[in-house]
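Peer 1: Quick one: this structure, given as structure tokens, is what I'll be asking you about.
The values are calculated or read from the model by the stated rules, or taken from the named source; none is laboratory data. Since we're looking at a predicted model, the values are computed, not measured. Cβ coordinates were reconstructed from backbone atoms using ideal geometry, including for glycine residues, and neighbour counts include every protein chain displayed. Side chains are part of the model used for accessible areas, which takes the heavy atoms of the whole protein and leaves out ligands, DNA and RNA. Shrake-Rupley method; radii C 1.70, N 1.55, O 1.52, S 1.80 Å.
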There are 2 protein chains.
Amino acid sequence: MAKIKSSKNATKKETIVEKASKLFFEKGFSASSMRDLAERVGVEAASLYNHIRSKEELLQEICFKAAQHYTENIDAIEKEDTPFIQKIEKILRFHIDQMINNYEVVQVVDRDWKHLSEPHLTNYHNERRAYRKRITAIVEEGIRRKEVKDIDAPTAVLIMLHAVSGIESWHRSVQKISAKDLEENILLILLKGLGK
Amino acid sequence: MAKIKSSKNATKKETIVEKASKLFFEKGFSASSMRDLAERVGVEAASLYNHIRSKEELLQEICFKAAQHYTENIDAIEKEDTPFIQKIEKILRFHIDQMINNYEVVQVVDRDWKHLSEPHLTNYHNERRAYRKRITAIVEEGIRRKEVKDIDAPTAVLIMLHAVSGIESWHRSVQKISAKDLEENILLILLKGLGK
DNA sequence: CCTACCGATCGGTAGG
DNA sequence: CCTACCGATCGGTAGG
């Protein structure tokens, strides 16, 4: 409930992780240097290591915090007693919201999670697979109840999750469309299709 | 027409670019070293520079060759005298095919084009925008002719292009679904929607 | 195509 | 939090 948004009462480590998210988003994890990061934080590179153990720890923080956020959301949706097509809609709305309001983190996680080292790499990979499986189960139940078209559920999940990631480009564009309109358009396309 | 597919009569430079595509796909452009690449090609790192000018030239080759391929396809589709909803379907089929049969290149281009230096970065960015605009124009004409739902066309294009990129995960998965079934499922979802 | 090597930069540590 | 510095690795060149 207590959402801290880059405010002054954030830990120094939190500040570092936040600056790292933006840096990694802009340059990618591998092309980002600790000296780059230190400059943005406003200290010397060596000083960062009083708050973090390594560059990779930053990536771990980013990836697993995001994963936890995703898990909490799917927990809540699974518990709800609503039609399955509505659960799918809520999952989509959550991902759209994340991509609009937390896109640096989302993009870094999607693009750079492969740079995690073991055992974190395997752990993260498993979390990712588990998350997709839970969404797949919801889609499959939706199909069984005739609320969803008879499609291959894992394929549908891949499309749902990746279609939404396209909004990243929206941030850089002229943004002639509002965030709300964007959300409704995406839902319309994915739920009802492009064709008339 | 003459498609050479990693055959023996490829130039040494072509071999290097091909190996680079796979390496960049696996590790990302920035995390790939020329010594990595040299080992895969079977020579010393210094020897690569008899065939290429720099590491970045490899990325340029990959990005602009792909861009040319995309442009040729949209050229052909624009010329066709078919319903616009069919043009959209053909665009989708082209991208699905690329993602299934040429996924290393597609992924490298999408993930690492930002590491191009000027003036290539701007050139590539412009080509990308122009390509999307041409697809957007097709979607808009489809809407005008009532073949396509009345949606925000740029948003639809973002979704189309990114939804397809989700298939990359399909490669890593168990592949219980065939390429043909995958293609038909994607088209069904994007053209007709998830809902029943 | 190789050996030998360059300057630059990297992530990270020691010690205060 | 800083100065000073480490070994490793990077992209790339010289010269044959």
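Peer 1: Between A:106, A:164, A:41, where does the largest GNM mean-square fluctuation fall for chain A, given springs only between Cα atoms within less than 10 Å?
Peer 2: Maximum fluctuation in the GNM of chain A, among the listed residues, is at A:41.
Peer 1: Excluding ligands and nucleic acids, what accessible area in Å² is computed for residue A:18 using a 1.4 Å probe, to the nearest 10?
Peer 2: Per-residue accessible area (residue A:18): approximately 70 Å².
Peer 1: Sticking with this one: Would you work out what percent of the accessible area of region B:10-52, with all protein chains in place, is carbon or sulfur (probe 1.4 Å)?
Peer 2: Using a 1.4 Å probe with all protein chains present, region B:10-52 comes out at 44 percent carbon and sulfur.
Peer 1: Another one. Estimate the FRET efficiency between residue A:44 and residue B:51 by the formula 1/(1 + (r/R0)^6), using the beta-carbon distance for r and 35 Å for R0, to the nearest 0.05.
Peer 2: Efficiency, from the Cβ-Cβ distance: 0.25.
Peer 1: I've got another one for you. Compute the distribution of all C-alpha to C-alpha distances in chain A, in bins of 10 Å from 0, and list the percent of pairs in each, rounded to whole numbers.
Peer 2: Binned Cα distances yield the sequence 8, 31, 33, 20, 7, 1.
Peer 1: In a Gaussian network model over chain B where Cα atoms closer than 10 Å are linked, find which of B:15, B:71, B:136 has the largest mean-square fluctuation.
Peer 2: B:15
Peer 1: Here's something else I'd like to know. I'd like the interface area for chains A and B: accessible area of each alone minus the complex, both sides summed, 1.4 Å probe, protein heavy atoms only. What is it in Å² to the nearest 100?
Peer 2: 3800
Peer 1: Keeping all protein chains in position, work out how much accessible area residue B:84 exposes to a 1.4 Å probe, and write it in Å² to the nearest 10.
Peer 2: 30
Peer 1: Roll a 1.4 Å probe over the protein chains and send me the accessible area per residue for chain B in Å².
Peer 2: On a per-residue basis, chain B sits at 52 Å².
Peer 1: Measure nothing but the geometry: give the 0 to 90° angle between the long axis through the Cα atoms of B:103-112 and the longest principal axis through the Cα atoms of chain B, rounded to 10°.
Peer 2: 90
Peer 1: What's the FRET efficiency of residue A:35 with residue B:137 using the Cβ-Cβ distance as r and R₀ = 45 Å, to the nearest 0.05?
Peer 2: With a Förster radius of 45 Å, E is 0.50.
Peer 1: Ordering A:181, A:150 from largest to smallest accessible area (1.4 angstrom probe), what's the sequence?
Peer 2: Listed by decreasing accessible area, they come as A:150, A:181.
Peer 1: Please find, in a Gaussian network model of chain B (springs between Cα atoms separated by less than 10 Å), the residue of B:76, B:163, B:66 whose mean-square fluctuation is greatest.
Peer 2: Residue with maximal mean-square fluctuation among B:76, B:163, B:66: B:76.
Peer 1: Please go through the residue pairs A:22/A:55; B:19/B:180; A:133/B:22; A:27/B:27; B:27/B:65 and name each one whose alpha carbons sit more than 18 Å apart in this structure.
Peer 2: Violating the 18 Å limit, Cα to Cα: B:19/B:180; A:133/B:22; B:27/B:65.
Peer 1: For helix A:84-101, report the angle its Cα long axis makes with the longest principal axis of the Cα atoms of chain A; keep it between 0 and 90° and round to the nearest 10°.
Peer 2: The two axes meet at around 30 degrees.
Peer 1: Test of understanding: express the Cα radius of gyration of the protein assembly as shown as a ratio to 2.2 N^0.38 Å, with N the residue count.
Peer 2: 1.03
Peer 1: Under 16 Å between alpha carbons, and skipping anything fewer than 8 positions from residue B:149 in its own chain: which lysines qualify?
Peer 2: Correct list for residue B:149: A:192, A:196, B:87, B:192.
Peer 1: Let me ask something else about it. To the nearest 10 degrees, how steep is helix B:12-27 against the longest Cα principal axis of chain B, on a 0 to 90 scale?
Peer 2: So the helix axis and the longest Cα principal axis differ by about 70 degrees.
Peer 1: Please compute P(r) over all alpha-carbon pairs of region A:138-196, binned at 10 Å starting from zero, and give each bin as a whole-number percent.
Peer 2: Binned Cα distances yield the sequence 20, 44, 27, 9, 0.
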